[in-house]
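The values are calculated or read from the model by the stated rules, or taken from the named source; none is laboratory data. On a predicted model such as this, the values are computed, not experimentally measured, just so you know. Heads up, the Cβs are rebuilt from the backbone with ideal geometry, glycines too, and the neighbour counts pull from every protein chain shown.
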Amino acid sequence: MKRFRIGYQTQRRLLGFTFLIPFLLGFLMFFALPLVNTVIYSFNHITVDDVGAMKLEPVGVQNYIDLFTTEVSTRSQQILRVLVDENSNMLVNLPLITLLSLFLALLANRKFKGRALVRMIFFLPIILGLEVVTDMLTVTTGSDWVQAGGGLFSQSLVARLLIRYTSIPNQYLRQLIAFVEDIFSIISRSGVQTLVFLAALQSISPSMYEVARIEGATAYETFWKVTIPSILHILLFVVVYTIVDLFLTSQIAAEAYSFAFEKNKIGIGSALSVVYIFNVLIILGLVLLITRKAVANNAK
Amino acid sequence: MQNERRKPLKPVQTMSAAKKRAMHARLSPDQKIYLAKRQVSGFSMNLITFLLIAGLCFVILYPFIRLVPSVLSNIEDLGNPNVIWIPEKFSTVSFQAASRMIMPEGVMTMVKSIVYALAVMVIQVFISAMTGYTMARVKYKWTGLLYVVVALCFLVPRQSLLLAQYIYFNHFDALGVMRIFGQEVNLINKPVTLYLMALLGFGVNQSLFVLIFSQFFKNIPKELEEAALIDGCGFYRTYFRIMVPNAIPAIATVAILAFVWNYGDTYYTRYFDPSGPYMASKLATTFIDANKVTLLERVRVWYNVPTTTDMAFDALKQAGVLIFLAPLLVLYLFAQRWLVENLESSGLVG
């Protein structure tokens, strides 16, 4: 009789699979199934009867048509409008957050006294950037909403001097001032990114810098020829993380929830979710494509 | 090894001041100018760096500096144009009121939410480390697909699945298993839901943790595993005895992030267990504009304050945030050394 034997690799695979079981189960229950269900719901008109059971009634793409034509958001805007706002907001914030976190990491990577303290403060946004905290810090003074750091720069001497004595067109200047005002909301989202960039900067081998020094490179050249190429692959990760993070706090989730549970239109809420997923994936794809190209060009 | 790495590139100057001066005297005028220029540019670079760092630190801390006076001042004083930084009368009424509002069970609420965050953190670290290890170290034909799946879980925004997840939890049947043994259960409003999600790899940002761990385990030398195998360690023993102790830096990073995110999570807690004792969701659901009037009314009754304005609502909110942040900040003070020192080997850099 032939003995049943398992090779080392097969055994390892089987044992390793036991480590994966929780994740795969979770993937099926909490990701794949909800994803499929969302798509199914989005093509149905859904009614909930007294017992709590759901009745599906196929309506084709009617939910999607309704979503973009007749339905309005909680702030009574067109859904398309909300989507466009979210996206443009994200595309503006993405480069700002990426560059700012890179800048913070570069500063924190320098050698100076009190670096530990500075690093501690620079990583504080990991905590302060929690959505609940930033939400609470927006101040409702009077009737209008003011950002936490607001009003400081636009009333400052620098801003007034800029407005009065430079010939920068007013509309650009206003934009610029708005960005500076908004810096806390950008910084509050850059905690993890700074951390990742700093980790990348520290993992660059010092001998690279030594070589650059001996070859007589200036600080500028060293930065562009040594530092930037060594952290480009991390840049990709940071960009993706930032996009995901920005979408996580977007308003669309609340809209989908209100459609489903406040307005009792589960089908339309699901349609919005599907549109939203596609939106995120398309943006990610586009950004990845552009960044990839930049990375490839740099490699040449 | 770390110390070796951080050694400055420049050899340490050991010349005495007198010797330096003597050398300086022997230099030609051109050389002197060059040296002076270098000193000036070095100094100005340092100055600019210092100013930048100080400014950025200020920007990060400003919102908190700003809210100290309004939180500490007497509620009636709020909106007084004479008071900008130093309140006329110090009082802790805002704190007392806010803590009564967001901590209905007193300190126990805070303890409970910390315990909750810690428990989920432990589960998340445990599960994601295991998953990450297998992904990095066991070769399957479909390992690449596994990476795509994990990345997809990270990329698809969790809110978009909220509806279906909610409905699924409402009629939870664990892939049909529950239906065999009886009937489906309603898991909404039960804390077990949140633990279950973490246990099965779908807690807050857990797919990111899986990716971090898999990156980390990829960089651990294969020889360690081989040596363990030759010494007679099985798969599990190799993992728990050899790999886990080596993964401390990654575990520390993930643990800190997991704790912060779970403690501050308002999303899963609010939708899946709305009546649970979580401070973050309490904070997010209590201080909304719709509640403004009732909350201010309560303050007037509780503390005998004659008038309250919108400013008082802000002060309450901010006091609430400070109470909520206190444990996090304390933890951060202790943990940040870990975070900063172990960066290079934390698996964040793939």
Task: Filter result (more than 8 Å from every other protein chain (Cβ to nearest Cβ) and either touching a strand residue (DSSP E or B) at 6+ places or on another chain (Cβ under 8 Å) or buried (at least 22 other Cβ atoms within 10 Å of the Cβ) (or both)) within segment B:151-171 - done: B:PHE169
Task: Selection within segment B:204-247 - β-branched (Val, Ile, Thr) and farther than 24 Å from B:ASP265 by Cβ - done: B:ILE220, B:ILE230, B:THR238, B:ILE242, B:VAL244
- [ ] Working only within segment A:172-203, note down all residues that are more than 16 Å from A:THR98 (Cβ to Cβ) and at the interface with another protein chain (Cβ under 10 Å from one of its Cβ atoms).
- [x] A:VAL180, A:PHE184, A:GLN202, A:SER203
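Would you tally the residues in segment B:196-229 being touching a residue at least 24 places away in the same chain (Cβ under 8 Å), surrounded by fewer than 16 Cβ atoms within 10 Å (Cβ to Cβ) and not in a loop (DSSP other than H, G, I, E, B)? Quick ask: steps written out before the conclusion?
Residues of segment B:196-229 touching a residue at least 24 places away in the same chain (Cβ under 8 Å): B:197-220, B:225.
Keeping just the survivors that are surrounded by fewer than 16 Cβ atoms within 10 Å (Cβ to Cβ) gives B:218-219.
Those left that are additionally not in a loop (DSSP other than H, G, I, E, B): B:218.
The total comes to 1.
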Task: Subset of segment A:257-274 (residues that are surrounded by fewer than 24 Cβ atoms within 10 Å (Cβ to Cβ), of a type outside the set (Phe, Trp, Tyr) and facing chain B (nearest Cβ under 9 Å)) - done: A:VAL274
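For segment A:204-229, give me the residue count where each residue is touching a residue at least 24 places away in the same chain (Cβ under 8 Å) and within 17 Å of A:ALA108 (Cα to Cα). Please lay out each step first, then the result.
Step one: list which residues in segment A:204-229 are touching a residue at least 24 places away in the same chain (Cβ under 8 Å), which gives A:204, A:227-229.
Filter once more, so that each one left must be within 17 Å of A:ALA108 (Cα to Cα): A:204, A:227-228.
Of the residues in segment A:204-229, 3 are touching a residue at least 24 places away in the same chain (Cβ under 8 Å) and within 17 Å of A:ALA108 (Cα to Cα).
Given the residues A:ILE243, A:ILE234, A:ILE214, A:ILE252, which is the only one that is buried (at least 20 other Cβ atoms within 10 Å of the Cβ) and more than 21 Å from A:LEU100 (Cα to Cα)? Walk me through it before giving the result.
Working: A:ILE243 fails: more than 21 Å from A:LEU100 (Cα to Cα); A:ILE234 fails: more than 21 Å from A:LEU100 (Cα to Cα); A:ILE214 fails: buried (at least 20 other Cβ atoms within 10 Å of the Cβ).
The unique qualifying residue is A:ILE252.
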Open item on the list: Can you find, within segment A:64-106, the residue that is surrounded by the most Cβ atoms within 10 Å (Cβ to Cβ) among those that are more than 23 Å from the chain's Cα centre (by Cα) and either among the basic types (Lys, Arg) or assigned to a helix (DSSP H, G or I) (or both)?
Closed with: A:LEU67
- [ ] Please work out which one of (1) more than 9 Å from every other protein chain (Cβ to nearest Cβ); (2) modelled with pLDDT of 85 or more is the condition A:LEU236 fails and give its number.
- [x] (2)
Task: Single match in B:VAL254, B:VAL260, B:VAL321, B:VAL305 (criterion: in a helix (DSSP H, G or I) and away from chain A (no Cβ under 11 Å)) - done: B:VAL254
TODO: Tell me which residues, restricted to segment A:114-155, are over 24 Å from the mean Cα position of the chain (by Cα) and either modelled with pLDDT of 80 or more or within 30 Å of B:TRP338 (Cβ to Cβ) (or both).
DONE: A:GLY114, A:ARG115, A:ALA116, A:LEU117, A:VAL118
Task: B:PRO63, sole failed condition from (1) closer than 30 Å to B:LYS292 by Cα; (2) of a type outside the set (Phe, Trp, Tyr); (3) at pLDDT below 75; (4) surrounded by 10 or more Cβ atoms within 10 Å (Cβ to Cβ) - done: (3)
TODO: Kindly provide the set of residues from segment B:147-163 that are in a helix (DSSP H, G or I) and at pLDDT 80 or above, ordered by number.
DONE: B:TYR147, B:VAL148, B:VAL149, B:VAL150, B:ALA151, B:LEU152, B:CYS153, B:PHE154, B:LEU155, B:LEU161
